[in-house]
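Chemist: Okay, here's the structure, questions in a sec.
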Amino acid sequence: MPSLQATAYQEKAVLCFIIQEGQVLLIKKKRGLGAGKINGPGGKLEAGESFEQAAIRETIEETGLEPKNLVLAAQLGFTFLDGYSLYGEVFLADSCVGIVTETDEASPFWCPLDQIPYEKMWADDILWLARVLEGELISAKFSFSNDTMTYAQVSSIPALITASLAATNK
């Protein structure tokens with residue numbers, strides 16, 4: 001299976017899902033790409049930042065929580081009809097420190113793992129998020145025309161190559 005290469009996309013971003021006691025931390029995004037949708041905390045990388053550093057920073061900025069023990073769980077490539085493209089890495093965390101706090105960017109909330117509101121999320125999330133939350137490593141490509149998904153390809157990543165892919169895409 002060919003791997004996604006971050007350099008093939010215009011922008012780089014992250015998502016981080018903290019899982020604790022049968023729940024996952026989600027946010028209702030208030031602004032930017034996906035405003036009004038439910039998702040995991042995340043956002044674009046800043047200059048010189050690694051994907052993992054961005055996942056920690058974005059989660060703190062959007063929720064007040066600092067995720068701990070991050071593990072790479074997915075590599076996602078997105079293209080949009082208008083020419084925009086985005087490469088994202090998804091991290092899982094099994095603990096956090098801090099106090100959940102609403103910010104000007106997001107309204108965070110804990111959601112039971114069996115009640116994730118996929119109907120309020122990006123159309124692609126239902127194709128990969130449950131698999132990631134069950135521990136599967138995912139590589140996926142999606143195309144969108146505005147909010148409408150027009151293409152999806154989701155594959156498992158063998159665990160052996162995950163570390164080398166993460167190192168390649170920093």
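Chemist: Return yes or no: is ALA6 at pLDDT below 95, more than 16 Å from the chain's Cα centre (by Cα) and at negative phi?
Modeler: When the stated conditions are applied, ALA6 does not pass them.
Chemist: Restricting to the range 13-43, name every residue that is farther than 16 Å from LEU129 by Cβ and touching a Lys or Arg at 6+ places or on another chain (Cβ under 7 Å).
Modeler: If the condition is that a residue be farther than 16 Å from LEU129 by Cβ and touching a Lys or Arg at 6+ places or on another chain (Cβ under 7 Å), then ALA35, GLY36 are the ones that fit.
Chemist: Okay, next question. Within the range 57-68, is there a residue that is in a loop (DSSP other than H, G, I, E, B) and closer than 12 Å to ILE18 by Cβ?
Modeler: yes
Chemist: Taking the conditions exactly as written (acidic (Asp, Glu), surrounded by fewer than 22 Cβ atoms within 10 Å (Cβ to Cβ), under 14 Å from PHE91 (Cβ atoms) and more than 15 Å from the chain's Cα centre (by Cα)), does GLU49 satisfy them or not?
Modeler: For GLU49, the condition - acidic (Asp, Glu), surrounded by fewer than 22 Cβ atoms within 10 Å (Cβ to Cβ), under 14 Å from PHE91 (Cβ atoms) and more than 15 Å from the chain's Cα centre (by Cα) - is met.
Chemist: Could you say whether any residue in the range 93-111 is exposed (fewer than 14 other Cβ atoms within 10 Å of the Cβ), free of Cβ contacts under 8 Å to residues at least 60 places away in the same chain and assigned to a strand (DSSP E or B)?
Modeler: Among the residues of the range 93-111, at least one is exposed (fewer than 14 other Cβ atoms within 10 Å of the Cβ), free of Cβ contacts under 8 Å to residues at least 60 places away in the same chain and assigned to a strand (DSSP E or B), which makes the answer yes.
Chemist: Still on this structure, I have one more. Just to be sure I understand the filter: pairs with C-beta atoms under 7 Å, separated by 6 or more residues or on different chains, first member in the range 133-150 and under 13 Å from VAL71 (Cβ atoms), second member surrounded by fewer than 18 Cβ atoms within 10 Å (Cβ to Cβ) and of a type in the set (Gly, Ala, Ser). Which pairs pass?
Modeler: Short answer, once both residue conditions are applied: GLU136/SER156; LEU137/SER156; LEU137/ALA159; ILE138/SER156.
Chemist: Test VAL14 against the stated conditions and say whether it is among the β-branched types (Val, Ile, Thr) and touching a Leu at 6+ places or on another chain (Cβ under 6 Å).
Modeler: no
Chemist: Here is a follow-up. What do you reckon, is LEU15 closer than 16 Å to ASP124 by Cα and modelled with pLDDT under 95?
Modeler: So LEU15 does not fit the description; no.
For (1) in contact with a strand residue (DSSP E or B) (Cβ under 7 Å, 6 or more places away or on another chain); (2) at pLDDT 95 or above, each residue gets a yes or a no:
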position: ALA93; (1), (2): yes, yes
position: LEU113; (1), (2): yes, yes
position: TYR118; (1), (2): no, yes
position: ASN146; (1), (2): no, no
position: PRO158; (1), (2): no, no
position: SER164; (1), (2): no, no
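Chemist: If I go through the range 136-150 residue by residue, how many of them are in contact with a Ser or Thr (Cβ under 9 Å, 6 or more places away or on another chain), surrounded by fewer than 18 Cβ atoms within 10 Å (Cβ to Cβ) and over 13 Å from TYR87 (Cα atoms)?
Modeler: Of the residues in the range 136-150, 3 are in contact with a Ser or Thr (Cβ under 9 Å, 6 or more places away or on another chain), surrounded by fewer than 18 Cβ atoms within 10 Å (Cβ to Cβ) and over 13 Å from TYR87 (Cα atoms).
Chemist: Let me ask something else about it. If I ask for residues that are of a type in the set (D, E, K, R) and either closer than 18 Å to LYS28 by Cα or surrounded by fewer than 13 Cβ atoms within 10 Å (Cβ to Cβ) (or both), which ones from the range 67-92 would you list?
Modeler: LYS68, ASP82
The values are calculated or read from the model by the stated rules, or taken from the named source; none is laboratory data. Because the structure is a prediction, the values reported are computed rather than measured. In this analysis, Cβ positions are derived from the backbone assuming ideal geometry, glycine residues included, and neighbour counts consider all displayed protein chains.
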